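Scroll down for the structure; my scribbles are underneath it.
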Amino acid sequence: MATNGKRETVIEARGVEVGFGDRLVLKGADLDVYRGEILGFVGGSGAGKSVLMRTIIGLIRKSAGTIKVLGSDLDQLSDDERRAIERRWGVLFQQGALFSSLTVMENLQFTVRENLHLPQRLMDELAVAKLEMVGLDASVCSKYPSELSGGMTKRVALARALALDPEIVFLDEPTSGLDPIGAGDFDTLIATLQRVLGLTVYMVTHDLDSLSTVCDRIAVLYDGKVIAAGTMDTMLKSEHPWMKEYFRGKRARAAIGAREAALSGNG
Ligand SMILES: Nc1ncnc2c1ncn2[C@@H]1O[C@H](COP(=O)(O)OP(=O)(O)OP(=O)(O)O)[C@@H](O)[C@H]1O
Ligand SMILES: [Mg+2]
C-alpha cells in the first residue's frame with residue numbers, strides 16, 4: 001500500500017480468527033482502514049463479512065489476533081474506556097436495522113439516551129436534524145418501522161448510526177433490497193455525508209455500483225482472509241479466480257447493464 005503515505009489507520013486488524021463450533025470462519029484476517037476513506041468490503045455470501053464487522057466492534061469474540069480501533073485495542077480497555085470509544089462509531093446492521101416496537105423518533109433517541117443526558121427538547125431537535133441529514137423530514141418521527149418503505153428504513157437506520165456524531169460508520173449492506181435508483185441515491189447520500197462530516201465509512205456491500213462509484217478502496221474476504229485491498233482498478237486487474245468472476249464475470253456485466261437500463265428508463 002505504498003501510495004497511502006502517512007494516512008492515519010483508524011482500524012487495524014491483524015490475524016483475526018473467529019470460529020463457531022469447530023468451524024473457523026475467519027482464519028487470520030488482516031485489514032487496515034484509513035481515516036476519511038470509504039472502504040467497500042466484499043466477499044461471497046457466508047464468507048464472514050458481517051462476522052468481521054461485528055468482531056471489530058466487539059460483538060463477537062475472536063479466538064486469535066488483535067484489533068485496534070481509533071488507536072485502542074478494545075480487549076485492553078476498561079468498561080468506561082470502551083464505552084467512550086464505542087460512542088465514536090455508529091452502526092447500521094444488516095438485519096434488524098431498527099427496533100420494530102419503537103417509533104422512528106424513539107429509534108433515533110435510543111443510543112443518545114443511553115450515552116448522553118440531554119433535555120428531551122434538545123434530543124427531539126437533534127433527531128430531526130439527523131433525519132434532515134439523511135433526506136427525511138420530521139413527519140416520519142411518529143411512524144413505526146413497519147410503516148416505512150425499504151429506502152426510508154435504510155435512511156432512518158443511517159440517521160441512527162449518525163446519532164452520536166461518530167467518526168466511523170459501519171454499514172452492513174446498506175443498499176441491499178433497494179432498486180438501482182434508490183441504491184444510487186443512497187450511495188450519493190453516503191458520499192455526501194462522508195465528505196461533509198469527514199467520516200470514515202466501512203461498508204459491507206454486494207453492490208458493484210456502490211463499489212465503483214463511492215468506495216475509495218475495496219477489500220476482499222475469501223476463505224477467511226482478506227486476500228486483496230486496493231482501488232477498483234486493482235480489483236479489475238486481479239487474476240484471482242473469485243475476484244475475476246466477481247468483478248469481471250457475467251454477474252458484474254449484468255449489474256452494470258441493469259443500472260444503465262434503470263437510469264435510461266428514468267431519464
Ligand atoms: N452467531 C453465529 N453463530 C454461528 N454461526 C454464525 C454466527 N454468525 C455467523 N455465523 C456463520 O458464519 C459464517 C459467516 O457469516 P456472515 O454473516 O459473516 O456472512 P456474510 O459474509 O456477512 O454473508 P452475507 O453476504 O450473506 O451477509 C456463516 O456460515 C454463518 O452461518
Ligand atoms: Mg452479512
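Points to keep in mind about this one:
- Label-reachable residues, the stretch 222-244, where backbone N falls under 13 Å from a point 7 Å from residue 8's Cα toward its Cβ: none
- Here the accessible area of the stretch 10-131 is 48 percent carbon and sulfur, with a 1.4 angstrom probe and all protein chains present.
- Exposed loop sites here mean GluC sites (Glu not before Pro) with a DSSP loop assignment and at most 16 other beta-carbon atoms within 10 Å; the chain contains its longest site-free run at 9-238.
- Comparing Cα centroids, the stretch 110-131 and the stretch 230-255 end up 43 angstrom apart.
- Among 241, 174, 145, residue whose mean-square fluctuation peaks in a GNM of the chain (springs only between Cα atoms under 10 Å): 241
- Based on the Kirkwood approach, the hydrodynamic radius assigned to the stretch 96-165 is 11.7 Å, with every pair of different Cα atoms included.
- Rounded to 5, percent antiparallel among DSSP beta bridges of the chain: 55
- Given R0 = 25 Å, the distance between the Cβ atoms of residue 251 and residue 216 translates into a calculated FRET efficiency of 0.60.
- Binning the alpha carbon pair distances of the stretch 112-267 at 5 angstrom intervals from zero yields the distribution 2, 8, 16, 18, 18, 14, 10, 7, 5, 2, 1, 0, expressed in whole percent.
- In the chain, excluding the sites themselves, the longest stretch lacking any of the trypsin sites (Lys or Arg not before Pro) that are in a DSSP loop with at most 11 other Cβ atoms within 10 Å is 62-267.
- Ratio of the Cα radius of gyration of the chain to 2.2 N^0.38 Å, where N counts its residues: 1.02
- Between the C-alpha center of the stretch 6-26 and that of the stretch 171-202 there is a gap of 24 Å.
- Per residue of the chain, the DSSP helices (runs of n ≥ 4 H) give a summed -39500 (n - 2.57) that works out to -12500 deg cm²/dmol at 222 nm.
- Label point at residue 188 placed 7 Å out along Cα→Cβ; residues across the stretch 202-219 whose backbone nitrogen lies under 15 Å: 210, 213-214
- Theoretical gain in end-to-end length, residue 63 to residue 144 [0.36 nm per residue, Cα-Cα removed]: 25.3 nm
- Protection proxy ranking for 176-185, 206-215, using the average of other Cβ atoms within 10 Å per residue and placing the highest first: 206-215, 176-185.
- Remark: the residue 77-residue 179 segment gains 32.5 nm on full extension, using 0.36 nm per residue and subtracting the alpha carbon distance.
The values are calculated or read from the model by the stated rules, or taken from the named source; none is laboratory data. Owing to the predicted nature of the structure, the values given are computational and were not obtained by experimental measurement. When we count neighbours, we look across all protein chains shown, and the Cβ atoms used for this are built from the backbone with ideal geometry, even at glycine. The accessibility values were calculated without ligands, DNA or RNA, using every heavy atom of the protein model including side chains. Shrake-Rupley method; radii C 1.70, N 1.55, O 1.52, S 1.80 Å.
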